[in-house]
Protein chains: 2
Amino acid sequence: MSPRPGGKRSGRRPGESGTREAIVRAARRLFADLGYDRTTIRAIAAEAGVDAALVVHFFGSKQQLFLVVVELPFEPAAVLPRLLAGDRAGVGERLARFLVAVLEDPDGRGRLTGIVRAAASEPEAARMLRELITERIVTPLADTLGVEDARLRANLVGSQVVGLVMARYVVGVEPLASLAPDALVRAVAPTFQRYLTEPLG
Amino acid sequence: MSPRPGGKRSGRRPGESGTREAIVRAARRLFADLGYDRTTIRAIAAEAGVDAALVVHFFGSKQQLFLVVVELPFEPAAVLPRLLAGDRAGVGERLARFLVAVLEDPDGRGRLTGIVRAAASEPEAARMLRELITERIVTPLADTLGVEDARLRANLVGSQVVGLVMARYVVGVEPLASLAPDALVRAVAPTFQRYLTEPLG
């Protein structure tokens, strides 16, 4: 393969969908590496080898591009009903096993740590993620649970997931950071079980 | 009171301790408002009304100043033994009640959200906070618990606390963000109880 023309378009111009895809890939890489704040339209354009004006033309703003790029590593509306179906006494462990598997996969971990870091980095990103999380996770999870307090239960599960992402993968406190995945599942499954199915007090 | 001389020292020069204190106050405000990344020595100096060279003279670097400024809203080595003393069956609720009280106080909430946001914002801040958390929280909590797996138990409690800070105060997902403090205590106390005293599976 020939080397990528650095920053300047040259030779054959890629089609529109190829250009969009290159911008999304560049944005995903920079948001993950630098966080939301320090990533600029200009830097994304340079990384993708296109003009900044083209990024604005396709995506409008950094915020809008961010929402396109921030893809969850799984589709909650598809996954959650499957995890919650069947034996209610095992739902905490099934959810824990699923989430730990996502987090032990480099791509899944990269996406989730990117989302958590972006949410922490500034109010604008936090606001966007509040809407994303509510629409894409809290509502499907609450609809699937179908009990009173379902939204609060979904929030509580989410708070423990975000806390694990921060403690184990972002900050890396020990011994949690080195804990074997199976032991992590056993440690947090009863927490999910209680938040999902037991009285909240 | 006369207005503060804006950016330039004029009139009576404050004593060294007054200047240090002004720098710490300015740094605390900027780290909380802007996060770790976007706060510069130059901006701290301007906010404190002193030369940037004086900030470096007193504190060395942004990292060192950050560690001086990041004060926990309570002293774990003093508080934890008191919370963990007595009836072991009530330890989760005592810890939940204490932490929710700290988080409902504007100063305590400001400090803890500042720490969590800084930890998320970049690897250097995360590394510093890993050491701070291990030394100031995990070790005293583990020493007080005095059981096997005590450090892992302390990590798990910390992960739920960090997750609550993120979900309720930084991102603000509903209904968790509006939940009454007493209901929050009841919702999370059994999680802390299990992480501290029950089998981890």
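Which residues, counting only those in the range B:80-101, are open to solvent by 20 Å² or more (accessible area, probe 1.4 Å), in a helix (DSSP H, G or I) and more than 14 Å from chain A (Cβ to nearest Cβ)? Answer for the range B:80-101, where residues must be open to solvent by 20 Å² or more (accessible area, probe 1.4 Å), in a helix (DSSP H, G or I) and more than 14 Å from chain A (Cβ to nearest Cβ): B:Pro81, B:Arg82, B:Arg88, B:Ala89, B:Arg94, B:Phe98, B:Ala101.
When only residues in the range B:103-113 that are open to solvent by 20 Å² or more (accessible area, probe 1.4 Å) and in a helix (DSSP H, G or I) count, which is farthest from B:Asp143 (Cα to Cα)?
Among those residues, the one meeting the criterion is B:Pro106.
Taking the range A:22-39 as the range and being without any contact (Cβ under 8 Å) to a residue 40 or more places away in the chain, within 13 Å of chain B (Cβ to nearest Cβ) and open to solvent by 20 Å² or more (accessible area, probe 1.4 Å) as the test, the residues that pass are A:Asp33, A:Leu34, A:Arg38.
If you go through the range B:128-176 and pick out every residue that is among the small types (Gly, Ala, Ser), under 20 Å from B:Gly110 (Cα atoms) and assigned to a helix (DSSP H, G or I), you end up with 4. Taking the criterion of being surrounded by fewer than 18 Cβ atoms within 10 Å (Cβ to Cβ) and under 13 Å from A:Val24 (Cα atoms), the residues of the range A:64-79 that qualify are A:Gln64, A:Leu67, A:Val68, A:Glu71. Would you mention how many residues in the range A:155-201 are at the interface with chain B (Cβ under 7 Å from one of its Cβ atoms), surrounded by fewer than 19 Cβ atoms within 10 Å (Cβ to Cβ) and of a type in the set (Gly, Ala, Ser)? Looking only at that region, the number is 2.
Checked against the criterion of being modelled with pLDDT of 85 or more and under 30 Å from B:Thr39 (Cα atoms), the candidates A:Val68, A:Val56, A:Val50, A:Val91 yield just one match: A:Val56. Kindly indicate the residue of the range A:134-154 that is within 7 Å of another protein chain (Cβ to nearest Cβ) and not charged (D, E, K, R) and also most open to solvent (accessible area, probe 1.4 Å) among those meeting that condition. Among those residues, the one meeting the criterion is A:Thr134.
The values are calculated or read from the model by the stated rules, or taken from the named source; none is laboratory data. All of these numbers come straight from a predicted model, not from anything done at the bench. Methodologically, a virtual Cβ is constructed for each residue, glycine included, from the backbone with ideal geometry; neighbour enumeration extends over all protein chains shown. When the accessible area is computed, the model is the full protein with side chains, heavy atoms only, and any ligands, DNA or RNA have been set aside. Shrake-Rupley method; radii C 1.70, N 1.55, O 1.52, S 1.80 Å.
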